[in-house]
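Remarks on the structure that follows.
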Amino acid sequence: MRNYLSSGFLYQVAALLLSVALAHTVFAAWIRPGAEAVLAERALLLAQPDAPAPGRSLLVTLKDYEQEACFILLLWAMAIMGQKARAAARGRRILQQNLVRVAEGMSVLPEDAREFARPIQALPAPLRALLPPRALLTALQRFAATRNVQDVSEAVRGVCEAEADRLDSELSMVRYIAWAIPSIGFIGTVRGIGAALGQAHEAVRGDIAGVTANLGVAFNSTFVALVLSILLMFLMHQLQLVQERLVLDTQGYADENLLRHMQVR
């Protein structure tokens with residue numbers, strides 16, 4: 001468990017650093033230079049008489065630092081969820097294997113539990129740590145110890161419920177990020193509105209360029225943050241659905257392929 005926690009922490013730190021590097025590279029090399037070019041083109045266009053109103057630009061919408069921070073957090077959360085999704089996919093694949101070789105009509109007695117547990121114990125450690133092998137191994141060990149099928153069923157249910165609680169708790173960082181992204185957007189809103197109010201004296205003299213630019217910062221940061229938050233919440237709920245299905249399918253697999261064959265003389 002200590003190795004698992006340390007490896008999970010190191011993965012999250014590495015994912016955060018990679019997200020910062022990737023997002024900053026894209027913003028510095030493409031988004032901000034492109035936004036400056038668009039703004040310069042707009043200034044030239046507006047200097048002409050009877051110039052049409054310029055349209056919205058995605059680069060201008062994304063150019064500020066609050067949007068970059070939101071994208072960093074989104075990439076970080078997606079990396080964390082990708083790790084959880086791969087673990088769930090491995091558990092799903094191992095359910096397709098014949099972990100307990102119990103033929104139809106065969107009975108599993110308490111004396112046979114060790115024999116049926118050997119193929120599971122022979123699995124590599126990363127696969128043996130997944131939920132389906134752990135649930136089946138717990139069932140066989142409990143059956144050999146108690147010789148009670150009801151106790152075995154409760155043990156499998158307890159393992160699955162504990163796994164569901166663990167998976168839910170491990171998404172706490174993703175939930176924090178889903179809360180932090182809109183908060184960063186609101187910080188950009190406050191920053192933009194404050195800067196716009198600081199240039200109100202220029203607007204009184206008829207120069208509203210600075211006020212409109214800062215109001216654009218305010219609204220763009222909130223817009224981008226809310227869109228990314230909606231996307232992140234959708235991905236998180238899809239991941240939770242996959243994990244919950246894995247837990248339910250594991251319990252059903254144990255009932256169908258092992259528990260119904262258990263008998264006590």
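Applying the selection to the stretch 230-247, what residues are exposed (fewer than 12 other Cβ atoms within 10 Å of the Cβ) and within 28 Å of Met106 (Cβ to Cβ)? Matches in the stretch 230-247: none.
Entry remark, the stretch 86-135: residues being at pLDDT 90 or above and in contact with a Phe, Trp or Tyr (Cβ under 9 Å, 6 or more places away or on another chain) number 2 in total.
Of all residues in the stretch 155-170, those satisfying the criterion of being crowded, with 16+ Cβ neighbours inside 10 Å and in contact (Cβ under 8 Å) with a residue 60 or more places away in the chain are Val156, Cys160, Glu163, Ala164, Leu167. Among the conditions (1) assigned to a helix (DSSP H, G or I); (2) more than 30 Å from Leu235 (Cβ to Cβ), Val100 misses just one, which is (1).
Residue by residue, here is whether (1) of a type in the set (D, E, K, R); (2) open to solvent by 20 Å² or more (accessible area, probe 1.4 Å); (3) in contact (Cβ under 8 Å) with a residue 12 or more places away in the chain holds:
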residue: Asp112; (1), (2), (3): yes, yes, no
residue: Arg128; (1), (2), (3): yes, yes, no
residue: Ala145; (1), (2), (3): no, yes, no
residue: Ser153; (1), (2), (3): no, yes, yes
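If you go through the stretch 250-264 and pick out every residue that is in contact (Cβ under 8 Å) with a residue 12 or more places away in the chain and farther than 17 Å from Leu137 by Cβ, you end up with 2.
The values are calculated or read from the model by the stated rules, or taken from the named source; none is laboratory data. Predicted model only: the values in this text are computed from it and were never measured. Ideal geometry is used to build each Cβ from the backbone, glycine not excepted, and the neighbour counts take in all protein chains shown. In case anyone asks, the SASA skips ligands and DNA or RNA and just uses the protein heavy atoms, side chains included. Shrake-Rupley method; radii C 1.70, N 1.55, O 1.52, S 1.80 Å.
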